[in-house]
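The values are calculated or read from the model by the stated rules, or taken from the named source; none is laboratory data. Computed from a prediction, not measured in an experiment: that's the story for all the values here. Here the Cβ positions follow ideal geometry from the backbone for every residue, glycine too, while neighbour counts run over all protein chains shown. Note: areas computed on protein heavy atoms with side chains; ligands, DNA, RNA excluded. Shrake-Rupley method; radii C 1.70, N 1.55, O 1.52, S 1.80 Å.
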Amino acid sequence: MFFDLQFSTTAFIVACMRLSLVTGVSLHILLTKRNTASAIGWIGVCVLMPFLGTALYLMFGINRVTRLAKKLVGDRTAHRPDGADLSSWNRELDGQFAPLALMVGKLTTRPVVGNNSITCLHDGDGAYPHMLDAIEKATRSILLCSYIFRHDASGQLFADRLIAAHKRGVNVRVLVDGIGSGYFLSPIYRYLKREGVPCARFMHSLLPWRMPFLNLRNHRKILVVDGSVGFMGGLNIADNNLVARKPRHPVSDTHFRIEGPVVHQLAQVAAWDWYFTTGEQLNRDLFLQEHASKGSSLARIVTAGPDTDLEKIEYTMLQAITLSRKSIRLMTPYFLPGARFLSELGLAALRGVQVDIIIPLRSNHRPLDWACAANISPLLDTGARVWHANPPFNHSKLMVVDKAWSFVGSSNLDIRSLRLNFEINMETYDVTMAEIMDDFICHHRNHRLTHYDLDNRNFPTRIRDSFARLFMPYL
């Protein structure tokens, strides 16, 4: 009888704990989760597995990055770095893309600025010499942020230039991602730290209560030298980006050299990322400079991430699609957007806009290719055209609308990039640049993907692809 009573008491306590956990977690999910499918999924997990489900939700289901960002922004001593007054460079737009410029201005609180010079660079072969030259000529400051920064021959070359700059008195700050540049070991980080260069790993920790940040990555690629010359785009620092040297796994990419007032916005993002990671506020006089007139491009930086910039890159693209009249060109290494993005592209195609999406024949992440094959059929139904680009694998992220507006940077067209990663893009209201980007994208329309190709997959392949599609938010 005693044991029966003890068992009943224990079972009652466990049942109460289960009910309390499920109720508490469910209430938190209902109040904080915007995505209905995500909310239902988490509640289902917690109902079926109250203890394990609660632990998983506490680790991976709560966006602590937004809280951290708001705390930093709200702190009296913490703020997005201010700098030069750019009001004299601000530009008001009219015509077709005026609503876009207005919307993005309200979304980002950054103005469109004029008098920028933007040069397109291809692959490490074209971009690295310009970047290394800028580092070598630096006299005041260097801000470098890279998702992948390998300690191979290319990485060693960059590291040695950064170390030399540091030793001659240049203020150098290097930020590498805690996953992309090596989680357990990051040779380039250790090498730079050993040589005294201020270097940090974005949201990296081996502590269990910090494990949620494993899923949040800084995918930005930024280099700002002396606050006056900037580089951004999709290019990482690694030997496989030197396509002309024919590495074993070549990665082609597109990067941009920038001069003019928009470099100030680029430097602000890099300085904020450094502060977000280390807590160090950078001296604006060293890293943010006044700018003289350099060119004729109108441009603006747009950032996105799971902090206070949630989905801003996607919103920008959606608005541009809505305003399109003649053509939309998209070039991306991975094409796994959500339903609303696919719907907007499909609606544009149905109203007569020529929609072209260029993806690699084979990317460097095969599961993403499988999921794409299972996800793209409805878009083909609308008349949009999907093309495969021939090897080498092209990692460029480019968008052009009506050969008048372009959007370039680090963001891929997948749910991870659009919602979880910290990304940076640049929009330009420049017909000349848009035409150059449009020609580049069209040049890679090598093989058109059709319904026949999708229908011709055998049954096991279709099952594999459909299964991979279930993991779209995490690929």
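When the solvent-accessible surface of protein heavy atoms is calculated with a 1.4 angstrom probe, in what order do Y147, Y315 fall, highest first? Intermediate values should be presented prior to the final figure.
Details: Y147 30, Y315 65 Å².
My answer, sorted largest first, is Y315, Y147.
Send over the per residue convex hull volume for the stretch 317-357, Cα only, as a whole number of Å³.
Per residue, the Cα convex hull of the stretch 317-357 comes to 59 Å³.
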Label model pair H365, F459: point-to-point distance (7 angstrom along the Cα→beta-carbon line) in nm is 3.1 nm
Quick calc: nm separation of the 7 Å Cα→Cβ label points for E435 and R351 -> 2.6 nm
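Over the chain, what is the relative contact order in percent, taking alpha-carbon pairs closer than 8 angstrom and at least six residues apart?
Numbers: 929 pairs, mean separation 74.6, N = 475.
Dividing the mean separation by the residue count of the chain yields 16 percent.
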Calculated from DSSP helices alone, with each H run of at least 4 adding -39500 (n - 2.57) and the total divided by the residues of the chain, [θ]222 nm to the nearest 500 comes to -13000 deg cm²/dmol
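If I compute solvent accessible area with a 1.4 Å probe over the protein chains, what percent of it on the stretch 350-407 is carbon and sulfur? Walk me through the intermediate numbers first.
Numbers: 1130 of 2070 Å².
Roughly 55 percent of what the probe reaches on the stretch 350-407 is carbon or sulfur.
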TM-like helix rule applied to the chain (DSSP H, alpha carbon span at least 27 Å on the long axis, mean Kyte-Doolittle at least 1.0) gives 2-32
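Among DSSP beta bridges whose residues both lie in the chain, state the antiparallel percentage, nearest 5.
Values: 45 of 71 bridges.
If we restrict to bridges inside the chain, about 65 percent are antiparallel.
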When the charge dipole of the stretch 301-363 is computed with +1 at the Cβ of Lys and Arg and -1 at the Cβ of Asp and Glu, the Cα pointing farthest to the positive end, of F341, I313, I359, is that of I359
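Take the cross-link list K167/K193; K137/K294; K137/K167; K137/K221; K246/K403; K221/K397 and give me the ones stretching past 23 Å between alpha-carbons. Provide the component values of the computation, followed by the final result.
Working: K167/K193 13 Å; K137/K294 19 Å; K137/K167 13 Å; K137/K221 20 Å; K246/K403 32 Å; K221/K397 12 Å.
Result: K246/K403 exceed 23 Å.
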Quick note, the chain: a/c under 1.5 would make it rounded; otherwise a/b > b/c is prolate and the rest oblate (a ≥ b ≥ c, C-alpha gyration tensor); here it is oblate
Percent relative contact order for the stretch 403-470, counting Cα pairs under 8 Å at least six residues apart, stands at 30 percent
The answer for the chain, accessible area per residue at 1.4 Å probe in Å², is 45 Å²
Under the rule rounded for a/c under 1.5, else prolate if a/b exceeds b/c, else oblate, using alpha carbon gyration tensor axes a ≥ b ≥ c, the stretch 332-475 is classed as prolate
Farthest towards the positive end of the dipole of the chain, among V243, Y128, S466 and with Cβ unit charges of +1 on Lys and Arg and -1 on Asp and Glu, lies the Cα of S466
Rounded to the nearest 10 Å², the accessible area of S411 using a 1.4 Å probe with every protein chain kept is 10 Å²
